[in-house]
Amino acid sequence: MNTKIPFELDKGQTFYESLNDWLGDTLYDDLTEKGFECRDEQIYMAFQIEKALKEKNVLLAEAGVGTGKTIAYLLPAIAYARYTGKPAVISCADETLIDQLIKEEGDIQKLSTALNMTVDVRLAKARNQYICLKRLEDTSMKTNEDFVDLVEDQLPEFVHAERSLQSVYPYGERSDYPYLADEEWEMINYHPIMQCAACDIRNRCGQTIHRNHYREAADLIICSHDFYMEHLWTKESRARQGQLPLLPEVSMVVFDEGHLLEYSAQRALTYEVQEQTIINLLERIMVDGIREKTLQLMEQLLETHELFFKQLKSNAIQNDNERLTIDKNEEMMKYAKTAVALSHELLEEFVFEGELYVIPEYDLKIVEEYLEQYIYSMELFSGDNDAVDWLENRREESTLLIMPRLVTSILKEKLFTGTMPIIFSSATLSVEKSFDYLAYSLGIVDYQSFSIASPFDYENVMKIHLEQGNTNEKITRLSELLEEEEQTLVLFGSKQSMMEAYDQLPLEQSVMVTYEGERSLSSLVKDFQQRKVNVFFSYHLWEGLDLPNEALTRVIIFDLPFPPHDPLFQARREFAEDPFDEVDLPFMLLRLRQGIGRLIRTSDDYGSIHLFVKPENIELLPVIERVLPVPFS
């Protein structure tokens with residue numbers, strides 16, 4: 001594959017001066033001749049990225065919808081990757097954005113065709129986006145669900161073949177199984193307790209094959225924010241274990257929809273203790289021949305763990321989302337510390353069990369690795385530190401989540417070191433023309449920034465209607481609006497709010513609605529885009545959804561998107577002098593701008609926004625109006 005720098009280097013110029021000239025020639029002339037629109041905003045952004053590459057800076061690039069942000073960062077990224085000999089990473093907010101970037105009619109393909117340049121682009125998805133063959137096998141033995149047979153029938157022949165693996169190919173991504181509901185997928189996908197290094201079929205695993213494939217990328221690696229953060233947090237521990245990091249060494253990173261990076265960092269840094277996982281794992285290794293002392297310790301640990309979770313659940317306080325606040329007490333802490341002590345004793349006994357070869361080696365390895373993480377997590381929970389913790393109910397199972405500390409300081413240490421150019425790209429990075437909220441939340445101290453408006457004529461293509469009322473009045477008004485059949489995206493502040501509204505709609509309307517979580521998000525978006533359904537309920541798609549023209553003509557914002565009153569945001573509020581002005585309001589305004597931005601994606605788009613506001617938030621209308629692209633109609 002030709003990976004030469006796409007322009008000649010002049011001896012009298014630096015690479016960056018030559019890059020600047022090439023960007024100007026390409027955007028002003030070459031692409032315009034191929035039918036691309038010449039956009040001053042796009043050219044300005046590309047030149048600012050060139051400057052950030054030269055100075056190895058962090059750049060906060062806020063450019064309105066229609067600017068052509070993707071091409072503005074793709075051109076310098078490809079050139080810089082070839083100049084340094086290391087691929088550039090394009091990190092997207094979620095898998096939906098990745099699919100939009102790499103689709104056949106997407107910007108990468110358009111650019112390749114227009115410039116007659118083959119771009120080596122490869123995908124790196126989060127580990128939970130792949131099937132785990134071990135978990136699929138376990139689920140197959142435990143359930144008679146039809147979906148398991150469908151998935152097994154779809155596996156490549158080489159997975160179970162006895163012959164050598166000379167002709168393997170990547171397989172097993174979430175997007176390969178659009179017919180699976182999220183709950184079904186989560187029974188067979190990769191789970192953190194699985195020990196890939198000790199797995200006897202890892203060479204036939206789709207995840208392993210994908211990893212080997214994208215590590216050889218020459219130009220671009222496309223991944224999600226979740227995956228990049230997982231790479232960042234696990235890089236050192238994987239090296240200690242003799243494993244390669246999830247990503248190879250790269251030249252630069254572009255965070256598309258970069259305002260969402262903080263939440264991915266939080267997810268990656270959070271440790272989990274499930275109610276059932278340790279029970280299932282220990283019961284799995286209670287085999288004939290195990291020593292009596294080991295068995296007694298396991299039974300004591302299971303009893304203590306059960307009492308600990310009983311305390312957790314009886315002292316959990318419901319918030320306005322899935323995160324429950326834990327009201328800690330002395331008895332709960334006693335059980336946590338006892339569980340840690342028993343786990344240490346058990347690990348010592350496993351050394352002797354390993355020498356007897358009674359417990360299968362892979363199963364014992366899983367339990368040992370899980371107990372080490374269990375000890376670390378429970379020590380964080382019961383210790384005197386700055387950890388943030390909460391309880392969630394997932395698939396009818398309680399899960400304790402612990403985040404060692406807020407991500408700000410860790411990102412500063414591991415990412416924003418000044419040694420690599422980092423570009424944040426989004427239509428919404430600032431709050432009332434200030435980048436302070438984003439920079440502070442991510443631990444960014446030194447950065448370049450700019451903000452350029454959208455070239456669209458919003459006044460002539462968008463109407464924003466204010467809808468006032470309490471919850472019942474909002475649902476009534478929502479039902480009235482849905483009587484007018486139109487391609488409509490309804491955005492909610494939480495899953496709970498979405499399901500309450502869905503459940504209260506008249507039956508004849510609810511059957512016409514598709515909602516997030518019903519099945520894979522990519523398949524829902526595809527059906528909506530193809531107009532197989534005309535009403536889509538979502539609580540996540542405030543950003544990144546790109547549905548131009550007739551695919552979306554109305555957006556209903558059912559809730560002002562304030563952050564939840566949960567332990568995570570409460571921890572941030574405790575560090576703020578004015579929690580509402582420094583945390584809640586900027587978050588809401590930033591997310592509101594993103595939600596409104598779903599409507600107009602091209603110069604041919606048009607439509608309406610219906611913004612629902614409760615009586616207690618009417619006093620915020622002046623500040624809300626300041627961030628709207630057009631006044632209320």
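The values are calculated or read from the model by the stated rules, or taken from the named source; none is laboratory data. Being a predicted model, the structure only gives us computed values, none of them experimental. Backbone-built Cβ (ideal geometry, glycine too); neighbour counts: all protein chains shown. Surface accessibility is based on the protein's heavy atoms, side chains included, excluding ligands, DNA and RNA. Shrake-Rupley method; radii C 1.70, N 1.55, O 1.52, S 1.80 Å.
For the charge dipole of the range 290-335, defined by +1 on Lys and Arg C-beta atoms and -1 on Asp and Glu C-beta atoms about the Cα centroid, which residue among Ile290, Asn329, Leu312 has the Cα displaced farthest towards the positive pole?
Result: Ile290, furthest along the dipole toward the positive end.
For a quick check of understanding: with a 1.4 angstrom probe and all protein chains in place, what accessible area in square angstrom does His305 have, to the nearest ten?
0
If you put +1 on each Lys and Arg Cβ and -1 on each Asp and Glu Cβ, how big is the dipole of the range 417-468 around its Cα centre, in Debye rounded to 20? Could the numbers behind the result be given before it?
Numbers: 2 positive and 6 negative charges, 21 e Å.
The calculation lands at about 100 debye.
Calculate the length of the line joining the C-alpha centroid of the range 580-633 to that of the range 359-405, in whole Å.
What the calculation gives is 39 Å, centre to centre.
When you take every Cα atom in the range 176-273, what is the radius of gyration, and what is Dmax, the widest Cα pair distance, in Å?
Answer for the range 176-273, Rg first and Dmax second: 14.8, 40 Å.
Calculate, for Tyr606 and Glu17, the FRET efficiency according to 1/(1 + (r/R0)^6) with r their C-beta to C-beta distance and R0 30 Å; round to the nearest 0.05.
On the way: r = 43 Å, r/R0 = 1.43.
For Tyr606 and Glu17, the calculated efficiency is 0.10.
Would you mind giving the three semi-axes, in whole Å and largest first, of the ellipsoid equivalent to the range 91-183 according to its Cα gyration tensor? The partial results should precede the final answer.
Numbers: eigenvalues 199, 65, 23 Å².
In descending order the semi-axes read 32, 18, 11 Å.
Determine the equivalent ellipsoid of the range 465-565 by diagonalising the alpha-carbon gyration tensor, then write out the semi-axes as square roots of 5 times the eigenvalues, largest first, rounded to whole Å.
Working: eigenvalues 77, 50, 37 Å².
Its equivalent ellipsoid spans semi-axes of 20, 16, 14 Å.
Mind checking which lysines have their Cα closer than 19 Å to the Cα of Lys56? Skip sequence neighbours fewer than 8 apart in that chain.
Lys86, Lys412, Lys414
Could you size up the charge dipole of the chain around its Cα centre, putting +1 on the beta carbon of Lys and Arg and -1 on that of Asp and Glu, and report it in debye to the nearest 20? Walk me through the numbers before you get to the answer.
Numbers: 61 positive and 111 negative charges, 299 e Å.
With Lys and Arg at +1 and Asp and Glu at -1, about 1440 debye.
With Rg and Dmax of the Cα atoms in Å in mind, check (1) 25.9, 93; (2) 25.9, 79; (3) 29.1, 97 and report the label derived from this structure.
Answer by label: (2).
When the Karplus curve 6.51 cos²θ - 1.76 cosθ + 1.60 is applied with θ = phi - 60°, which whole-Hz ³J(HN,Hα) does each residue of the range 424-436 get, with x for Gly and Pro?
Listing the rounded values in order: 9, 10, 5, 7, 9, 10, 10, 10, 6, 6, 10, 9, 4 Hz.
Using the alpha-carbon centroid of each, what span in Å lies between the range 137-198 and the range 280-346?
Cα centroid to Cα centroid, the span is 30 Å.
Please compute the alpha carbon radius of gyration of the range 563-633, then divide it by the globular-protein estimate 2.2 N^0.38 Å. Two decimals is fine.
Details: Rg = 14.7 Å, N = 71, 2.2 N^0.38 = 11.1 Å.
My calculation over the Cα atoms of the range 563-633 gives 1.32.
Excluding residues fewer than 8 places away in the same chain, name every one of the lysines whose C-alpha is closer than 22 Å to that of Lys532.
Counting by Cα, and skipping residues close in sequence, Lys532 has these lysines nearby: Lys103.
Could you work out how far apart the two model spin labels at Asn329 and Ser633 are, taking each label as a point 7 Å from the Cα in the direction of the beta carbon, and quote it in nm?
In this crude spin-label approximation the distance works out to 5.6 nm.
Determine, from the Cβ-Cβ distance of Glu500 and Lys313 and an R0 of 30 Å, the FRET efficiency 1/(1 + (r/R0)^6), rounded to the nearest 0.05. Display every interim value, and only then the final one.
On the way: r = 23 Å, r/R0 = 0.77.
The computed FRET efficiency comes out at 0.85.
Sorted by accessible area with a 1.4 angstrom probe, largest first, how do Trp22, Trp390 fall?
Working: Trp22 30, Trp390 10 Å².
So, going from the largest accessible area down, we get Trp22, Trp390.
Using a 1.4 Å probe, what is the accessible area per residue for the chain, in Å²? Spell out each step's value before the answer.
Numbers: 28830 Å² over 633 residues.
I get 46 Å² per residue for this part.
On a 1.4 Å probe surface of the protein chains, which of Tyr28, Tyr502, Tyr177 comes out largest in accessible area, and what is the full order? Don't skip to the answer; put the middle values down first.
Working: Tyr28 110, Tyr502 45, Tyr177 5 Å².
Sorted descending by solvent-accessible area, the residues read Tyr28, Tyr502, Tyr177.
Could you give each residue of the range 43-59 its phi-based ³J(HN,Hα) in whole Hz, using Karplus coefficients 6.51, -1.76, 1.60 with θ = phi - 60°, and x for Gly or Pro?
So the Karplus estimates, Gly and Pro as x, are 5, 4, 5, 4, 5, 5, 5, 4, 5, 5, 5, 4, 9, 6, 9, 8, 10 Hz.
Using amide H atoms built 1.01 Å from N in the peptide plane, name the residues 5+ places from Ser398, or on other chains, whose amide H lies under 5 Å from its own.
Answer set, sorted by chain and number: Glu275.
Under the Kirkwood approximation for Rh and a Cα-based Rg, what ratio Rg/Rh is obtained for the range 3-101?
Details: Rg = 13.8 Å, Rh = 14.4 Å.
Using Cα coordinates only, the ratio equals 0.96.
For the chain, give the percent of accessible area contributed by carbon and sulfur heavy atoms, probe 1.4 Å, rounded to a whole number. Could you put the intermediate results ahead of the total?
Numbers: 13100 of 28830 Å².
Answer for the chain: carbon and sulfur cover 45 percent of the accessible area.
Enumerate the lysines that Lys142 could reach by cross-link, defined here as Cα to Cα under 29 Å, with residues fewer than 8 away along the same chain left out.
Lys125, Lys134, Lys310, Lys313, Lys365
Angle, helix 133-142 long axis vs. longest principal axis of the chain, Cα atoms, 0 to 90°, nearest 10?
60
Please give the per residue volume of the convex hull enclosing the alpha carbon atoms of the range 137-199, rounded to a whole number of Å³.
About 123 Å³ per residue, rounded to a whole number.
Show the residues, 5+ positions off or on another chain, whose built amide H is closer than 5 Å to the amide H of Met252.
Val89
Using only alpha carbons, build the gyration tensor for the range 397-536 and give me the equivalent ellipsoid semi-axes, biggest first, whole Å.
Values: eigenvalues 274, 105, 54 Å².
After diagonalising the Cα gyration tensor, the semi-axes are 37, 23, 16 Å.
Helix 69-84 against the longest principal axis of the chain: what's the angle in degrees, Cα atoms only, rounded to the nearest 10?
The angle comes out at about 70 degrees.
Over the Cα atoms of the range 298-404, Rg to Rh with Kirkwood Rh, two decimal places? Could you put the intermediate results ahead of the total?
Details: Rg = 15.3 Å, Rh = 15.0 Å.
A ratio of 1.02.
Report Asp226's accessible area, 1.4 Å probe, all protein chains in place, as a number in Å² to the nearest 10.
Approximately 50 Å² for this residue.
Using a/c under 1.5 as the rounded threshold, could you call the range 1-52 rounded, prolate or oblate? The axes a ≥ b ≥ c are square roots of the C-alpha gyration tensor eigenvalues, and prolate needs a/b larger than b/c, oblate otherwise.
Because a/c hits 1.5 or more and a/b fails to exceed b/c, the range 1-52 counts as oblate.
Ordered by residue, what ³J(HN,Hα) values in Hz, to whole numbers, does the range 209-216 give under the Karplus form 6.51 cos²θ - 1.76 cosθ + 1.60, where θ = phi - 60° and Gly and Pro are x?
5, 4, 4, 4, 5, 6, 5, 9
Grab the Cα-Cα distance for Ile5 and Ser167, subtract it from 0.36 nm times how many residues apart they are, and report the gain in nm with one decimal.
Values: separation 162, 0.36 × 162 = 58.32 nm, distance 3.20 nm.
Answer, rounded to one decimal: 55.1 nm.
Could you put Asp200, Asp581 in order of accessible surface area, largest first, with the 1.4 Å probe and the full protein assembly present? Kindly include the intermediate steps, with their values, before the conclusion.
Details: Asp200 120, Asp581 85 Å².
Greatest to least solvent exposure: Asp200, Asp581.
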